[in-house]
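Peer 1: I am attaching a structure below and will ask some questions about it afterwards.
What follows is calculated from the coordinates using simple rules that are stated; it is not laboratory data. Quick caveat: nothing in here was measured; it's all calculated off a predicted structure. Because the Cβ atoms are built from the backbone with ideal geometry, glycine has one as well, and the counts that use them run over all protein chains shown.
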Amino acid sequence: MPAEHILIVNSEYPPIGGGAGNASANLARHLAQLGRRVTVLTARFADLPHDEQAGNVRVVRLPALRSKQDRSNTLEQISFLLSAALLGLPWVLRLRPQAVIAFFGAPSGVAVWFWSLFISLPYIVSLRGGDVPGFRPYDFARQHRLLAPLLRLVWRRARAVVANSEGLRDLGAAFEPKVPIATIPNGVDVEQFQAPQRQWQPARLLFVGRVVFQKGLDVLLDALGGLAEQNWSLTIVGDGPRRAELEAQAQQLGIAERITFAGWQSGAELAAAYAEANLFAYASRHEGMPNALLEAMASGLPAVATRIAGNEELVAEGETGLLVPSEDPAALRAALGKLINDAVLRQRYGEAARKRVQTRYSWHSVASQYADLLDQATAD
């Protein structure tokens, strides 16, 4: 029997959150386009409606601590877990979904697992990165040690566990080898992010994402500091706790006047930022499958990115961009210098990047794969 009514649980959902929030929104919209009834359970923020019909998706927002639009801390995630587990259960009994997708094993997965102790509720866990032990140990090692026993329970009770990249699947398999993990990549909206007719000179670099240690912006600035004689500029779209430190680093390197910290952007502003750039720079240390890189490629941008899980599945080396080792500013500097100096190569890579995401990473394809998995889960 097909899963006609699907519940998606995620602590972040536009306009709050980052890549995972956008991913859950796109998945919800495309599942609805496939004829499924879709409800999203997420966290309240500011004056957003507590219960609204957003297009073809119903969005229910539960009370939870949340001080910033673009990110949350551990306490705020715990507050959503408790709210979803306790206040979400009456909503589940009222809505009666046939299957649930929990974005992240924690907090959403733990709440859904709690519901399943009381009611028959097939659920899928969608692993996104930070919820997998071993991912970003500099940020999450302590949380992962505490959560590990609970995460194993959540995964084992799930009808399916899904990673958004092969690298993340391998990391999950190392943590819990008894649970099979499928792979369904992130998608990208190729209508929202399009490749404009752009000027390819001078080099206008772009980074999009949270301004945190994970994203390797310190390495990117270090690399660019050695390219002061070349003609380039960099726009950083996003915000986070490392901004002041990075601004000081840029000043020390003598490149501050070339760098614009544009802050958090979404919607038309974000699409315009991609359209105005002509090279995407992504020195991230860890990723699941980065939405920002998908969006850049859909926008016809070549990329210089680190050779890590997620990035290396998206960027075809020597075809859509260049890959360099993580934590290697010299290699990053060489790759950036090559493309900054070669506008023709940047344009060729950008055109190939757009074609690659169009054929492999549409949200329609991603939603169809989830729909098939949900149907199988409800049939078991």
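Peer 1: From the residues Ser284, Ser266, Gln251, which one has its Cα farthest along the dipole of the stretch 203-360 in the positive direction, the dipole being from +1 and -1 charges on Cβ of Lys/Arg and Asp/Glu about the Cα centre?
Peer 2: Ser266
Peer 1: Please work out whether the stretch 130-180 counts as rounded, prolate or oblate from its C-alpha gyration tensor, where a ≥ b ≥ c are the square roots of the eigenvalues and a/c under 1.5 means rounded, while otherwise a/b larger than b/c means prolate and anything else oblate?
Peer 2: oblate
Peer 1: A further question follows. Under Stokes-Einstein, with the Kirkwood radius over Cα pairs standing in for Rh, what whole-number D in µm²/s applies to the chain at 4 °C and 1.567 mPa s?
Peer 2: Once the numbers are plugged in, D ends up at 61 µm²/s.
Peer 1: Grab the other residues whose beta carbon is less than 12 angstrom from that of Ser83, score K and R as +1, D and E as -1, and report the net.
Peer 2: Taking every other residue near Ser83 into account, the sum is +2.
Peer 1: Straight-line reach from Lys355: which aspartates and glutamates have Cα under 16 Å away, leaving out those fewer than 8 places along the same chain?
Peer 2: Cross-link targets: Asp189, Glu191, Glu295, Glu313, Glu317, Glu319.
Peer 1: How many angstrom lie between the Cα centre of the stretch 296-332 and the Cα centre of the stretch 251-278?
Peer 2: Each part's Cα centre sits 19 Å from the other's.
Peer 1: From the Cα gyration tensor of the stretch 132-220, with a ≥ b ≥ c the square roots of its eigenvalues, which class applies: rounded if a/c is under 1.5, or else prolate if a/b is larger than b/c, or else oblate?
Peer 2: Numbers: a/c = 3.54, a/b = 1.78, b/c = 1.99.
Oblate, since a/c reaches 1.5 and b/c is not below a/b.
Peer 1: Can you sort Arg152, Arg354 by how many other beta carbons sit within 10 Å, fewest first? Kindly include the intermediate steps, with their values, before the conclusion.
Peer 2: Details: Arg152 16, Arg354 19.
Exposure proxy ranking, most exposed first: Arg152, Arg354.
Peer 1: Quick check: the distance between the Cα centres of the stretch 70-104 and the stretch 2-44, to the nearest angstrom?
Peer 2: 13 Å
Peer 1: Dividing the convex hull volume of the Cα atoms of the stretch 203-360 by its residue count, what figure in Å³ per residue is obtained? Provide the component values of the computation, followed by the final result.
Peer 2: Numbers: hull volume 15.0 nm³, N = 158.
Convex hull of Cα atoms, per residue: 95 Å³.
Peer 1: What's the local net charge at Gly105, with K and R +1, D and E -1, over the other residues with C-beta under 13 Å away? Can you show the working numbers first?
Peer 2: Details: positive: Arg128, Arg152, Arg156, Arg157; negative: Asp131, Glu176.
It works out to a net charge of +2.
Peer 1: In percent, how large is the relative contact order of the stretch 1-41, given Cα pairs closer than 8 Å and 6 or more residues apart?
Peer 2: 53 percent
Peer 1: Under a 10 Å cutoff between Cα atoms, tell me which one of Glu327, Glu312, Glu245 has the largest fluctuation in the Gaussian network model of the chain.
Peer 2: Greatest mean-square fluctuation among the candidates belongs to Glu245.
Peer 1: Can you check what the net charge comes to around Gln192, using other residues whose Cβ is under 14 Å from the Cβ of Gln192 (Lys, Arg +1; Asp, Glu -1)?
Peer 2: Cβ neighbours under 14 Å give a net charge of -2.
Peer 1: Mean separation of Cα pairs under 8 Å and 6+ residues apart, divided by the residue count of the chain: what relative contact order is that in percent? Display every interim value, and only then the final one.
Peer 2: Details: 772 pairs, mean separation 61.8, N = 380.
About 16 percent, as a whole number.
Peer 1: Separate question: Which one of Ser11, Ser362, Ser284 has the biggest mean-square fluctuation once the chain is modelled by GNM with Cα springs under 10 Å?
Peer 2: Ser362
Peer 1: Taking the alpha-carbon distance from Lys68 and a cut-off under 12 Å, which aspartates and glutamates remain once sequence neighbours fewer than 8 residues away in the same chain are dropped?
Peer 2: Glu12, Glu76, Asp239
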